[in-house]
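The structure under discussion appears below in the form of structure tokens.
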Amino acid sequence: MISDISVNGPVMTVECYGDTAQHPLCPLTSTTSLNPREIVYGTSTGLVGQLNATAQDASYVLQRGWWAHNQSNRGGIQCIAAADVTNDGVNELVVGRDDGTVEVFAGMARSGELVGNGLNCLHTTQTRECITNLACGSIMSPNINEIVVSTFSGKVFCLSPEANLARGRSVGSAVVLRPQASEPASARFKSLTKDIESLKEKVDKERRLVGGVSDLLHESKQIHVRHTFTLHPSDSTQVLRIECDQPLGMVCIRSDVPDLEVLDSFDNDAILAVSSDPENPTTMLCTLRCQKDSPKIGIKMRCGEKRVGSISVYVVPKNNDLCAKVITLQIKPLCLHQRLPSLDVAGRHLNELTITGAFSLSEAHAWILLCLPDVSEHYQDNEVTLLFKSTLIDTVLVCIYRPGSAVFQSYSISTISTIKEVISREATSKMTRISSTFDIKPQSIEQVLRFVEPKIAYQRSLGQKVELIDALKEITLQENGEEWMSDEYASILRNADKLTLDLKNQQKSLNLLYNVLIDLFLDKWRFAGRNMSNRVDSLKAMLESNYDVATLSRFYLD
């Protein structure tokens, strides 16, 4: 290995960019350029970022450049290409996502996080299938860089810009590539007829071999399903994307994860039906009946942390409802935590849990894999440091472990408690002797309450904001624009769809936040050796009536 660096999420694809696209990383020699080589990467969470590789001491040193988060909640990135699509002398970024989106971004020379709209998107094309790969080059015109795209089902099409395309103008419509006929139509027809007859003979032979097995059951072997299961940091939801090589008829979800909720579906008009077992409230059964002849569907789910279990998903094609493909997903205890590449924790009041004992580095790493997402199964150093952030309440988690010692630091006492429970259970099952010490900081409780305060205030303000949307739209039509609006009203109008959807799930979101704070209270006193479940009703009444940080802090500590 030449060099490595941590980035924001699991990397799915990398591509050389700028001048590096023509001169990629190569073994260092005396003539190697000292100018940084640019590398662009895409993650499963939809983030696009850049790294600079600088030659130094017979090796390469990687440094982070710019990065842009997935503000629009599009799919994960499958492939990236760099090419001068607009013919302006500067390479653009062409990105293919697993939700079928192809995007062309302008080149970027900045460093750091790109906020607001992020990258400057020149063009977006939406297809009905996952993008598996793309490349750029002169296909149909010798002087224009075109984009060739392949999809999950094997389709190939080309995006071609106009001949006089300048920066900022859109790329033209898709043109499906078809092979040119190299022989007369009659001869080709005879050849195809012969091939069909040959295939029929092979099919009849195979049917005789299976000895009466149903055609439908035999055909079930040919169902191919692709899926991704990722965390959306913007709203702390788990998004399952499913794509089949046939139109979808129905998707059934069975879960034993407590409090799991199926919020919405997209990419396909589906009728949602949810049922639960009265004798076993933790079990949930959900059915989505697809109305469109679409091969893909997206399903948005939400569950709190400290809930562990599995989700079984049964994918049934529309034209073959006697067979199904089964997908099994695991929910981890800290499933709403997102990996961070770097974090400054100096001077923060972090609670600390220290585990010591006769365990190896691989055992400690296995504990982390059971607790947290976005962790690779492989490690390279004798001491590993991992950084995470809760997408729900913005608390941080620091994991530092080596053979015989593991240290965990977090604002949230509940996070520390969850890790301790998992490690104790696993160590007991394998008869590994460990000892634990913890340092609880009372100041951390007030900090968590302040993190949650704006989130609860946002949820409680949704009703008033949604009531203003229709009035603001009507006034905007009368005034012919939004120039007269304050920033607050303009923001309400821009985010009208999101506010309406958030209002629909308002009570569920509030209950999720309330449960986090109730768990924090119980875990705080559990570390002190006391069971305070008799005060939960009083705490919940305080949270629902008047959220005051000072009053709540006294309640937690008294």
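Looking at Ile368, Ile416, Ile456, which one is open to solvent by less than 20 Å² (accessible area, probe 1.4 Å) and touching a Ser or Thr at 6+ places or on another chain (Cβ under 8 Å)? Steps first, answer last, please.
Working: Ile368 fails: touching a Ser or Thr at 6+ places or on another chain (Cβ under 8 Å); Ile456 fails: touching a Ser or Thr at 6+ places or on another chain (Cβ under 8 Å).
Every option except Ile416 fails the conditions.
Looking at segment 357-376, can you tell me whether even one residue there is touching a residue at least 60 places away in the same chain (Cβ under 8 Å), touching a strand residue (DSSP E or B) at 6+ places or on another chain (Cβ under 6 Å) and closer than 30 Å to Leu288 by Cα? Within segment 357-376, one or more residues are touching a residue at least 60 places away in the same chain (Cβ under 8 Å), touching a strand residue (DSSP E or B) at 6+ places or on another chain (Cβ under 6 Å) and closer than 30 Å to Leu288 by Cα. Applying the set (1) modelled with pLDDT of 90 or more; (2) touching a Leu at 6+ places or on another chain (Cβ under 8 Å); (3) farther than 24 Å from Tyr547 by Cα to Ile469 leaves exactly one unmet item: (1).
Applying the set (1) farther than 29 Å from Leu248 by Cβ; (2) small (Gly, Ala, Ser); (3) modelled with pLDDT of 60 or more; (4) assigned to a loop (DSSP other than H, G, I, E, B) to Gly154 leaves exactly one unmet item: (1).
Out of curiosity, is Cys252 more than 18 Å from the chain's Cα centre (by Cα), touching a residue at least 12 places away in the same chain (Cβ under 8 Å) and closer than 29 Å to Gln506 by Cβ?
Numbers: more than 18 Å from the chain's Cα centre (by Cα): yes; touching a residue at least 12 places away in the same chain (Cβ under 8 Å): yes; closer than 29 Å to Gln506 by Cβ: yes.
So Cys252 fits the description; yes.
Every residue, every condition in (1) part of a helix (DSSP H, G or I); (2) under 16 Å from Ser553 (Cα atoms), yes or no:
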| position | (1), (2) |
| --- | --- |
| Gln459 | yes, no |
| Trp484 | no, no |
| Thr500 | yes, no |
| Leu512 | yes, no |
| Val516 | yes, yes |
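Could you tell me whether segment 58-65 includes any residue that is modelled with pLDDT of 85 or more and touching a strand residue (DSSP E or B) at 6+ places or on another chain (Cβ under 7 Å)? Please lay out each step first, then the result.
Kept after step one, since they are modelled with pLDDT of 85 or more, are these residues of segment 58-65: none.
No; the residues of segment 58-65 include none that is modelled with pLDDT of 85 or more and touching a strand residue (DSSP E or B) at 6+ places or on another chain (Cβ under 7 Å).
Restricting Ser160, Ser170 to those that are at pLDDT below 55 and over 25 Å from Val14 (Cβ atoms) reduces the list to Ser170. Taken over segment 259-269, the criterion of being closer than 17 Å to Ile331 by Cβ and open to solvent by 60 Å² or more (accessible area, probe 1.4 Å) is satisfied by Asp259 alone. What about Ser435, is it hydroxyl-bearing (Ser, Thr, Tyr) and surrounded by fewer than 16 Cβ atoms within 10 Å (Cβ to Cβ)? Yes. Regarding segment 538-546, can at least one residue be identified that is under 25 Å from Ile419 (Cα atoms), out of contact with any Pro (no Cβ under 6 Å at 6 or more places or on another chain) and among the small types (Gly, Ala, Ser)? No, there is no match, as no residue in segment 538-546 is under 25 Å from Ile419 (Cα atoms), out of contact with any Pro (no Cβ under 6 Å at 6 or more places or on another chain) and among the small types (Gly, Ala, Ser).
Taking segment 338-367 as the range and being of a type in the set (Val, Ile, Thr) and touching a helix residue (DSSP H, G or I) at 6+ places or on another chain (Cβ under 8 Å) as the test, only Ile355 passes.
In this structure, is Arg348 among the charged types (D, E, K, R) and modelled with pLDDT of 90 or more?
Values: among the charged types (D, E, K, R): yes; modelled with pLDDT of 90 or more: no.
The answer is no for Arg348.
Go over the candidates Leu272, Leu240, Leu285 one by one and state the one that is assigned to a strand (DSSP E or B) and open to solvent by less than 20 Å² (accessible area, probe 1.4 Å).
Numbers: Leu272 fails: open to solvent by less than 20 Å² (accessible area, probe 1.4 Å); Leu285 fails: open to solvent by less than 20 Å² (accessible area, probe 1.4 Å).
Answer to the selection: Leu240.
Across segment 243-258, the qualifying residues are those that are surrounded by fewer than 21 Cβ atoms within 10 Å (Cβ to Cβ) and of a type in the set (Asp, Glu), and the one among them that is nearest to Glu129 (Cα to Cα) is Asp245.
The values are calculated or read from the model by the stated rules, or taken from the named source; none is laboratory data. On a predicted model such as this, the values are computed, not experimentally measured, just so you know. Note: ideal-geometry Cβ built from the backbone for every residue, glycine included; neighbour counts use all protein chains shown. To get the accessible areas, we keep the full protein, side chains included, count just its heavy atoms, and leave off ligands, DNA and RNA. Shrake-Rupley method; radii C 1.70, N 1.55, O 1.52, S 1.80 Å.
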